[in-house]
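These notes are about the structure you will find just below.
The values are calculated or read from the model by the stated rules, or taken from the named source; none is laboratory data. All values derive from a computational prediction rather than experimental measurement. When we count neighbours, we look across all protein chains shown, and the Cβ atoms used for this are built from the backbone with ideal geometry, even at glycine.
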Amino acid sequence: MSDTSATPYYQLDPNAVLQAVDSTGLVSDGRLLALNSYENRVYQVGIEGEQPVVAKFYRPGRWSDDQILEEHSFTLELVEAEIPVVGPMQINGETLHNYNGFRFALFPRRGGRAPELGDEDTLKWLGRFLGRIHSVGRAHGFVHRPALTIERFGEEPVATLNEAQWIPPHLETSFNTLAEDLLTLVRNCYERAGDVRSIRLHGDCHPGNILWRDGPIFVDMDDCQSGPAVQDLWMLLSGSSEEMSAQLGIVLEGYNQFCDFNHAELNLVEALRTLRMLHHAAWLARRWEDPAFPVAFPWFGEPRYWEELILGLREQLAAMQEAPIQPPVWF
């Protein structure tokens with residue numbers, strides 16, 4: 001199936017989902033619940049006499065088999081290290097399955113609530129487990145998974161938005177002039193950070209990918225990639241500079257119990273935030289022909305979205321020219 005298909009999942013109806021799960025040797029009981037996911041399609045499937053499983057159907061054309069299997073391998077390394085990450089189920093020695101051209105994996109169902117990031121114990125706990133994840137991630141590198149680079153998360157997204165003519169005509173000059181200045185400052189941030197080590201990361205460690213039930217449970221390793229360790233930390237921080245500084249100190253107090261943190265990477269926090277904003281806009285543009293996207297993101301095609309994006313990016317322009325966030329002096 002082509003990744004350029006306007007309807008990549010049109011053949012994935014409820015019967016196909018149940019038949020795919022049955023093809024692994026499990027016996028579904030007909031219960032099916034679609035879970036919140038846009039890049040892939042994810043369902044909770046009831047199993048006769050067993051706990052339900054979560055079936056993730058990978059978007060056709062996005063990752064190669066080798067890239068998916070490397071994601072699975074990294075996740076299972078973390079599970080083996082007794083880190084609370086939800087890993088793929090191994091059935092007959094396989095984690096990646098294929099049914100009628102759809103590649104999918106099955107995961108045990110895990111419940112939980114959102115972590116309370118305003119709680120110091122929660123932040124310290126998350127820091128400890130991220131330190132453990134990165135300790136495993138440093139052991140060796142990825143072979144097939146991509147890296148978080150300025151080109152992939154900055155230059156290519158800007159080119160995508162221009163080539164697809166998504167930017168309203170009256171905002172094109174403003175956006176492109178701003179994007180050029182932003183990417184210059186992003187490069188400057190990387191130069192200030194110096195020789196930063198690239199390690200295997202969760203890659204998309206925002207609060208929505210963390211469940212809390214007597215402790216953290218990390219989910220959705222679909223965006224695991226190589227990059228600086230701070231990529232998995234900065235999305236836990238929010239609020240004013242002072243608030244983020246205090247939060248950072250607590251996270252690092254836990255993190256450094258298991259993995260040393262290079263403070264030079266703090267020069268990258270606002271650069272990484274900027275790259276994420278550009279990448280997200282281009283992701284929406286690339287996926288717009290998927291019928292699920294206009295329904296879920298109807299505001300994307302409106303001028304107001306682009307006006308607000310440009311405003312947010314201008315704030316990033318200022319943020320990258322300020323001194324990087326630092327933990328409190330007492331840290």
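In this structure, is residue 53 buried (at least 18 other Cβ atoms within 10 Å of the Cβ), among the β-branched types (Val, Ile, Thr) and touching a residue at least 24 places away in the same chain (Cβ under 8 Å)?
yes
Can you say whether residue 154 is under 28 Å from residue 263 (Cβ atoms), small (Gly, Ala, Ser), in contact with a helix residue (DSSP H, G or I) (Cβ under 9 Å, 6 or more places away or on another chain) and in a helix (DSSP H, G or I), as far as the supplied structure shows?
Here the answer is yes, as residue 154 does meet what is asked.
Quick one: in the range 21-46, of everything that is touching a residue at least 24 places away in the same chain (Cβ under 8 Å) and in a strand (DSSP E or B), which residue is surrounded by the fewest Cβ atoms within 10 Å (Cβ to Cβ)?
Looking at residues that are touching a residue at least 24 places away in the same chain (Cβ under 8 Å) and in a strand (DSSP E or B), I get 44.
For the range 53-70, check the following and say yes or no: at least one residue is assigned to a loop (DSSP other than H, G, I, E, B), under 27 Å from residue 128 (Cα atoms), outside the structural domain of residue 131 (by TED's automatic domain parsing) and in contact with a strand residue (DSSP E or B) (Cβ under 8 Å, 6 or more places away or on another chain).
No, every residue in the range 53-70 fails to be assigned to a loop (DSSP other than H, G, I, E, B), under 27 Å from residue 128 (Cα atoms), outside the structural domain of residue 131 (by TED's automatic domain parsing) and in contact with a strand residue (DSSP E or B) (Cβ under 8 Å, 6 or more places away or on another chain).
Find all pairs meeting these conditions: Cβ atoms under 7 angstrom apart; at least six residues apart or on different chains; first residue within the range 133-148 and surrounded by fewer than 19 Cβ atoms within 10 Å (Cβ to Cβ); second residue part of a loop (DSSP other than H, G, I, E, B).
Every condition considered, the pairs that remain are 135/258; 135/259; 144/64; 147/198.
Considering only the range 214-298, give the helices (runs of 4 or more DSSP H) lying wholly within it that have at least 3 residues that are of a type in the set (Lys, Arg).
269-286
Using beta carbons and a limit of 6 Å, which pairs, at least six apart or on different chains, have the first residue in the range 195-208 and within 21 Å of residue 76 (Cα to Cα) and the second one of a type in the set (Asp, Glu) and surrounded by fewer than 23 Cβ atoms within 10 Å (Cβ to Cβ)?
203/223; 204/223
Counting only residues that are out of contact with any Pro (no Cβ under 9 Å at 6 or more places or on another chain), touching a residue at least 60 places away in the same chain (Cβ under 8 Å) and under 29 Å from residue 286 (Cβ atoms), which one in the range 6-20 is surrounded by the most Cβ atoms within 10 Å (Cβ to Cβ)?
Only one residue fits best here, namely 20.
Can you tell me which residues in the range 149-159 are among the acidic types (Asp, Glu) and either farther than 22 Å from residue 62 by Cβ or touching a residue at least 40 places away in the same chain (Cβ under 8 Å) (or both)? Steps first, please.
Step one: filter the range 149-159 for residues among the acidic types (Asp, Glu), giving 151, 155-156.
Listed by number, the list holds a single entry, 156.
Can you tell me how many residues within the range 96-129 are in a loop (DSSP other than H, G, I, E, B), in contact with a Leu (Cβ under 7 Å, 6 or more places away or on another chain) and farther than 21 Å from residue 47 by Cα?
The total comes to 2.
Quick one: how many residues across the range 79-126 are free of Cβ contacts under 8 Å to residues at least 60 places away in the same chain and either more than 24 Å from residue 225 (Cα to Cα) or not polar (S, T, N, Q) (or both)? Spell out the reasoning first.
Residues of the range 79-126 that are free of Cβ contacts under 8 Å to residues at least 60 places away in the same chain, as a first pass: 79-82, 87-90, 93-96, 98, 103, 105, 107-108, 118-119, 121.
From the residues that got through so far, the ones that are either more than 24 Å from residue 225 (Cα to Cα) or not polar (S, T, N, Q) (or both) too are 79-82, 87-89, 93-94, 96, 103, 105, 107-108, 118-119, 121.
Residues flagged as free of Cβ contacts under 8 Å to residues at least 60 places away in the same chain and either more than 24 Å from residue 225 (Cα to Cα) or not polar (S, T, N, Q) (or both) within the range 79-126 amount to 17.
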